[in-house]
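Encoded as structure tokens, the structure appears first; notes follow it.
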Amino acid sequence: ANALEISHLIKTYDNGFQALKGIDLQVPQGDFFALLGPNGAGKSTCLGIVSSLVNKTGGSVKVNGFDLVSQREQVKRTLGVVPQEFNFNAFEKVNDIIVQQAGYYGLPRKLAHQRAEKYLKKLDLWDKRDNQARMLSGGMKRRLMIARALVHEPSMLILDEPTAGVDIEIRRSMWVFLKELNDQGTTIILTTHYLEEAESLCRNLAIIGHGEIIAQGPTKEMLKGK
Ligand code: ADP
Ligand code: ADP
């Protein structure tokens, strides 16, 4: 079965600009997939639609077999999203941000606290649990977003430029974490403009340019000679 199925996806922004010109994309369950392309190609728009942060103009999207629009609740339960912009309340404490997110998914209070501990430890943020989020470094804020996206243990995780602006050491530790998560069965889809990131992490990739899929296939074949 496919974790993600995108058919003829179109996005025209309110100003008339067509950012997606009819995209088709299938990502099988368990895959580690990259959406690669230059700035302005349409990567964020595409994942923004899958994450229900942006409304589509046309076409259809299925997440784990559920229709994005008519089966929103099911999609929400099986999907975790790490957007590009930091969108937590910076004056909240790190632990509270995770626990609140768990509440949003309806997890009981005790489980919410267990999950917060589990993922803050995994992402090396447990020491910072009582700090306000604004006190964290950029790399820590990024990891906070990942911990928050995993609190309901979704079967698919979407990350928009997860390591943008993160220094190389932290980037590598995030790669190790994401690889382990994928090994345990979570489907992962990310956007990146770092070839190296796609190359070291992703089994399959699609290259997008000017709102169209230019090429798609196994990473090894796609990046041959690059
Ligand atoms: P939607 O059609 O999904 O509702 P909108 O067209 O209303 O999206 O725009 C959403 C937001 O993005 C607006 O606040 C707008 O100011 C901002 N925006 C407009 N143009 C651009 C652009 N070229 N790149 C990024 N953001 C933009
Ligand atoms: P990428 O993530 O590949 O850098 P985006 O999906 O952010 O690309 O943007 C694709 C195109 O759509 C760009 O030309 C961008 O300026 C435009 N765009 C993005 N958001 C908006 C918006 N809200 N309104 C109008 N144009 C937008």
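The values are calculated or read from the model by the stated rules, or taken from the named source; none is laboratory data. Values in this document were obtained by computation on a predicted structure and should not be read as measured data. No Cβ is skipped: glycine too gets one built from the backbone with ideal geometry, and neighbour counts run over all protein chains shown.
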Positions within the stretch 1-40 being of a type outside the set (Gly, Ala, Ser), within 16 Å of ligand 1 (Cβ to nearest atom) and closer than 17 Å to Glu197 by Cβ, in sequence order: Pro38, Asn39
Count of the stretch 1-36 residues which are part of a strand (DSSP E or B) and within 22 Å of Leu181 (Cβ to Cβ): 13
Positions within the stretch 14-39 being within 10 Å of ligand 2 (Cβ to nearest atom) and touching a residue at least 12 places away in the same chain (Cβ under 8 Å), in sequence order: Gln18, Ala19, Leu20, Leu35, Leu36, Gly37, Pro38, Asn39
Within the stretch 49-73, how many residues are within 16 Å of ligand 2 (Cβ to nearest atom) and farther than 14 Å from Leu25 by Cβ? 7
What helices (runs of 4 or more DSSP H) completely inside the stretch 61-160 contain at least 3 residues that are at pLDDT 95 or above, farther than 27 Å from Leu35 by Cα and not polar (S, T, N, Q)? 94-104, 109-122
Residues to consider are Lys43, Lys56; find the one that is of a type in the set (D, E, K, R), within 13 Å of ligand 1 (Cβ to nearest atom), in contact (Cβ under 8 Å) with a residue 24 or more places away in the chain and in contact with a Ser or Thr (Cβ under 8 Å, 6 or more places away or on another chain). Lys43
For the stretch 1-35, name all the residues that are of a type in the set (A, V, I, L, M) and modelled with pLDDT of 95 or more. Ala3, Leu4, Ile6, Leu9, Ile10, Ala19, Leu20, Ile23, Leu25, Val27, Ala34, Leu35
Just give me the residues in the stretch 88-118 being of a type in the set (S, T, N, Q) and touching a residue at least 24 places away in the same chain (Cβ under 8 Å), in sequence order. Asn89, Asn95, Gln101
Count - residues of the stretch 176-206 that are at pLDDT 95 or above, aliphatic (A, V, I, L, M) and under 19 Å from Ala41 (Cα atoms): 4
